[in-house]
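The values are calculated or read from the model by the stated rules, or taken from the named source; none is laboratory data. Fair warning: this is a prediction, and the values are worked out from it, not measured in the lab. Here the Cβ positions follow ideal geometry from the backbone for every residue, glycine too, while neighbour counts run over all protein chains shown. Side chains are part of the model used for accessible areas, which takes the heavy atoms of the whole protein and leaves out ligands, DNA and RNA. Shrake-Rupley method; radii C 1.70, N 1.55, O 1.52, S 1.80 Å.
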Amino acid sequence: MIESISDWERKQQTYLIVSVICFIIGTYFFIKVISGSYIIKQSELQVYENLITSTAPQFKERKGKQSKKWIEINCINNQSTFEISSYDYRCVNDDEVLNEIKAGDTISIAILKDEIDDFDTETSCEIHSLIKNNKEYLSLECRNEEDNDDGKFGFLLLFSISIITAIVHSLSKKPKLFDKVNPEIIIGIAVIILLFVLHYICNKYSILD
């Protein structure tokens, strides 16, 4: 069914709204990337040494739409449940942590200074360093790279959507192709192509690294 001009104009307004929203959110991600907000510096960490594990580390997994994998560590005379999760979990060797750290071992950990209030309380406390016998089981550099890359991907995706929907909005007439193929499919394909192009350019020329 061919849409009237007014129907097309209404869709154009929708594309404009999507473009503006994606641009604003994309800009937020972009600012966080260039300002280094995704990077955790050593100076932002508080180290706690000579903690003694009460049990061996335990692997945990939550399945479903909000799936999550993490490792829990509990220590003697400390109420906190320490977690290796999120971006840190991507950069840890599960087998090493689960098999090499036993109950009664002495470890040191590091948490964000902003989260010191969670230390030794009945809550979970995310750690960004785990050391036993001078061996580092977490790579902060890897974690920072993973988090920053996700931020880059976020703004590149949102900017791609913003650019493509802005182009569609600017068309004075509805493309005939839109009568044969769902516009969302065409826009989606165009967004994916532009996303890969922008991602390739950023990597090739080390933009924002």
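Table for the structure above
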| read-out | value |
| --- | --- |
| Segments classed as strands (runs of 3 or more DSSP E), wholly inside segment 7-75, with at least 1 members that are open to solvent by less than 60 Å² (accessible area, probe 1.4 Å) | 45-52, 68-74 |
| When residues of segment 80-94 are limited to those that are at pLDDT 95 or above and open to solvent by 20 Å² or more (accessible area, probe 1.4 Å), the one farthest from Tyr38 (Cα to Cα) | Thr81 |
| Candidates Ile161, Ile193, filtered to the one that is β-branched (Val, Ile, Thr), outside any loop (DSSP other than H, G, I, E, B), exposed (fewer than 13 other Cβ atoms within 10 Å of the Cβ) and out of contact with any His (no Cβ under 8 Å at 6 or more places or on another chain) | Ile193 |
| Any hit, segment 107-114, residues being open to solvent by less than 50 Å² (accessible area, probe 1.4 Å), modelled with pLDDT under 95 and of a type in the set (S, T, N, Q) | no |
| Hits in segment 130-139 - residues which are under 24 Å from the mean Cα position of the chain (by Cα) and either open to solvent by 20 Å² or more (accessible area, probe 1.4 Å) or at pLDDT 95 or above (or both) | Leu130, Glu136, Tyr137, Ser139 |
| Qualifying residue in segment 174-190 (condition: touching a Ser or Thr at 6+ places or on another chain (Cβ under 9 Å) and open to solvent by less than 70 Å² (accessible area, probe 1.4 Å)) | yes |
